[in-house]
Amino acid sequence: MEDTILKIDNLHVSFKTHNDGETKAVRGVSFELKKGETLAIVGESGSGKSVTAKSLMRLLPKQNSMIKDGQVFYEGKDLLKYSIKEMQKIRGSEISMVFQDPMTSLNPTMTIGKQIMEGLRKHQAFRKKELFKKAADLLELVGIPSPMERMKDYPHQFSGGMRQRVVIAMALACNPKVLLADEPTTALDVTIQAQILDLMKDLQKKTGTAIIIITHDLGVVASMAQRVAVMYAGEIIETGTVDEIFYEPKHPYTCGLLLSMPKLHAARSTKLIPIPGIPPDLGQLPEGCPFAARCPYVMKVCHSFSPSKTEVSETHSVSCWLEDERAPQVEWIDGAGGSIDERKRKVD
Amino acid sequence: MKGYFAKRLGYMLITLFVIVSITFFLMQLLPGTPFTDPEKLSEQQLELMNEKYGLNQPVAIQYVNYVRSLVTGDLGISYQYEGRSVNEILSERIGPSALIGFQALVFGALAGLALGIISALHHNSFLDYGSVTIAVLGMSIPSFVFAALMQYFIGVKLGWLPAALWQGYEYTIMPSLALSVTVIATVARFIRTEMLEVLGQDYILTARAKGISEKAVVFRHIVRNAIIPVVTMLGPLAVAIMTGTLVIEKIFSVPGLGEQFTKSVLVNDYSVIMGVTLMYSALFIGVVFIVDILYGVIDPRISIKGEHKL
């Protein structure tokens, strides 16, 4: 408990849909974040990564979303019980967030300087001059040349990569203990991606901020994170250290993700193996394991009962029936050349 | 910047000139003469009158003469009022019109803003439906209907405000209110739609994530951005008010430009019609110019120097 800064326990988030339906976007997510570490949450679009992050900040739209169950402990206190006023004190100063698209995440009618100073003014008592100085220092910290002059510029005068630097400067303005980065590099081109990731790593070293990085890019995971949580259909199906996830994946979905990722040193003829099918409709979830319909190793039990969490090691856990002692042993197909049919094994 | 202003000023003058020319010739097509009961005048009297006002000359010459005196700032003399110049009539009439028009615009914009903001912040609630209903009513019912209703209920039945005439500040309230109805409705609808759009933008999430208060989010981030397109609406709204004054001033007997205009059209008072038209056009062109400048001030992405910043 000592070094755990954020602990999410059994989080359930749902959205109301038009015809009084309910989309269960996050279904029983639990994880911990330790001080100063980087946790990556990976998964495809719609798997509940962003919703989880926004729930932590209580930033989901009030009108159509509800946190149905669960606790979010920040330094031992449950954030979900906080009032809006109390939450505002946490946002930006204790927990900050960086969003996906730097082109749209800055207010177009406010100068960069004002946008940075806004949070600073709220959370830290600074005089006007100090405020300006501090904001300019932040811009310098994230690598923006001649920060004093650029303070007076508007977002449209910055490039995408520069804007993301500004967004990161804003997020780090009050030395938060936790930084939620929601696909911070998805909207940027590859060279800028690398720069932004380096910047984040660099800043983490200086400030000791714990980072949750949300991404669907396994390359980002490998370069940034110590631990990984794989999300599918609103659940964390596997978590472990980066090595465990990359070299000893236990869940067929994790394995599929790895096989569908291009590798730099693989032979040219190596085919990428896609995961067939689409994720289930979160409004009408099938019984049993949500991945059953797409799983090459599916068993009868998968269609009827949800698998429970199995601890593979102290740091590695997975929710899959294959880990059950009654399940047959499965040989993982190696990346090269395996077709989907080959991957299917008679397991029933 | 200076070049921009000079260019705009040039365009404005050209526009005015075109308007003056078209109105001048259109007016010549109006049936009748500026004289009441011309059949009662003898031929000699008519000739004398035509001579006096220069109406016996060909239209082209009249036009040239008019433009020539216009350049010196002289709008001619009225046919209707013996010995009074149009400049004098206009300067007397502009005050009341400007006052009620200005009040209507300011009040209408502020009330519309308030209504629109409330509506958007309580999207799909009772408050929202209420203000949308008000806005739709305001858009669809002409202002003179409101004017007549107000006159009857507030002016006559309740006696809270004077029903008509122009004898003090309280006389300006009802005409201004009647004129502002369209403005309130238009601004409210616009602000509501724009705010709902802005509410879904990522930068609002960024602002909230900074932990600033909800009030700051609404005013510094949402309204500030939602207001931009509304500023463009100010031009057309000013026109709506100007055309509104034609009827409203008549209803409330306000001695303004609009009332004068309707009166002058009825008796073919050529020079006054020309003068009032010119006045209205100049006001409108001025408003459009101000709106363009405001646009540059309120939206940093637009540079009024005409350069494209990246």
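Values quoted throughout were computed directly from the atomic coordinates according to the rules given, and no laboratory measurement underlies them. What you see is a predicted model; the values in this text were computed from it and never measured. A quick note on method: Cβ atoms are made from the backbone with ideal geometry, for glycine too, and the neighbour counts reach across all protein chains shown.
Miscellaneous remarks
- At 0.890 mPa s and 25 °C, Stokes D of chain B from Kirkwood alpha-carbon radius, µm² per second: 110 µm²/s
- Rounded to the nearest 20 debye, dipole of the protein assembly as shown from Cβ charges on Lys, Arg, Asp, Glu: 1240 debye
- Using only alpha carbons, segment B:202-298 has a radius of gyration to Kirkwood radius ratio (Rg to Rh) of 1.26.
- Note on chain B: Lys pairs 8 or more places apart or on different chains, Cα atoms under 28 Å apart, count 9.
- Theoretical ellipticity at 222 nm over the protein assembly as shown - DSSP helices of four or more residues, -39500 (n - 2.57) apiece, nearest 500: -15500 deg cm²/dmol
- Ignoring the sites themselves, chain B has its longest run without GluC sites (Glu not before Pro) in a DSSP loop having at most 15 other Cβ atoms within 10 Å at B:83-306.
- Computed from phi, the 3J(HN,Hα) profile of segment B:109-118 under the Karplus parametrisation 6.51, -1.76, 1.60 (θ = phi - 60°) reads 5, 5, 5, x, 4, 4, 4, x, 5, 4 Hz, with x in place of Gly and Pro.
- Evaluated at q = 0.20 Å⁻¹, the base-10 log of the normalised Debye intensity for segment A:113-208, with identical point scatterers placed on the Cα atoms, takes the values -1.01.
- Between segment B:200-235 and segment A:175-223, the alpha-carbon center distance in angstrom: 28 Å
- The mean count of C-beta atoms from other chains within 10 Å of the C-beta of residues in A:90-103, rounded to a whole number, is 3.
- Ordering of A:85-91, A:14-20 by burial proxy (mean other Cβ atoms within 10 Å per residue, highest first): A:85-91, A:14-20
- Segment A:1-129, relative contact order in percent, only Cα pairs under 8 angstrom and at least six apart counted: 25 percent
- Mean partner shielding of peptide B:214-226, defined as the number of other chain Cβ atoms within 10 Å of each residue Cβ, is 2.
- 0 to 90° range, to nearest 10: angle between helix A:112-123 axis and chain A longest Cα axis: 90 degrees
- Angle in degrees between helix A:128-141 and the longest Cα principal axis of chain A, rounded to the nearest 10: 40 degrees
- When the Cα positions of A:226, A:203, A:188 are compared along the charge dipole of segment A:4-230, A:203 comes out farthest toward the positive end, with charges on each C-beta of Lys, Arg, Asp and Glu.
- Size estimate for segment A:81-120 follows the Kirkwood approach: the inverse of mean 1/r over distinct Cα pairs works out to 11.8 Å.
- Long-range tail of P(r) for chain A (Cα pairs > 40 Å, %): 17 percent
- Student exercise, segment B:134-249 dipole from Lys, Arg, Asp, Glu Cβ charges, in Debye to nearest 20: 340 debye
- Within 10 Å of the Cβ of each residue in A:106-114, the mean number of Cβ atoms contributed by other protein chains is 5.
- Placing +1 on the Cβ of every Lys and Arg and -1 on the Cβ of every Asp and Glu, with no other charges, gives segment A:4-230 a dipole of roughly 920 debye about its Cα centre.
- Of all the options A:156, A:251, A:216, the one that moves most in a Gaussian network model of chain A with Cα springs shorter than 10 angstrom is A:156.
- Selection of trypsin sites (Lys or Arg not before Pro), segment B:49-145, meeting DSSP coil and at most 14 other Cβ within 10 Å: B:84
- Stokes-Einstein, applied to the Kirkwood radius of segment A:248-343 over Cα pairs at a viscosity of 1.306 mPa s and 10 °C, places its translational diffusion at 108 µm² s⁻¹.
- Chain B: angle of helix B:224-251 to the longest principal axis, Cα-based, in degrees nearest 10: 30 degrees
- Across chain B, the relative contact order, built from alpha-carbon pairs under 8 Å that are at least six residues apart, equals 25 percent.
- Nonlocal amide H pairs with residue A:34, under 5 Å, H built at 1.01 Å: A:5
- Cleavage-rule hits, chymotrypsin sites (Phe, Trp or Tyr not before Pro), segment B:109-183, DSSP coil, Cβ neighbours within 10 Å at most 14: B:160, B:169
- Normalised convex hull volume, segment B:128-245, alpha-carbon set, Å³ per residue: 135 Å³
- The value given for the protein assembly as shown is a Kirkwood hydrodynamic radius of 30.5 Å, derived from the mean inverse Cα-Cα separation.
- Cα convex hull, segment A:17-61: 95 Å³ per residue, rounded to a whole number.
- The label point for residue B:149 and the one for residue B:193, both projected 7 Å from the Cα toward the Cβ, are 2.4 nm apart.
- When chain B is treated as a GNM with alpha-carbon contacts under 10 Å, the residue of B:182, B:72, B:23 showing the greatest mean-square fluctuation is B:72.
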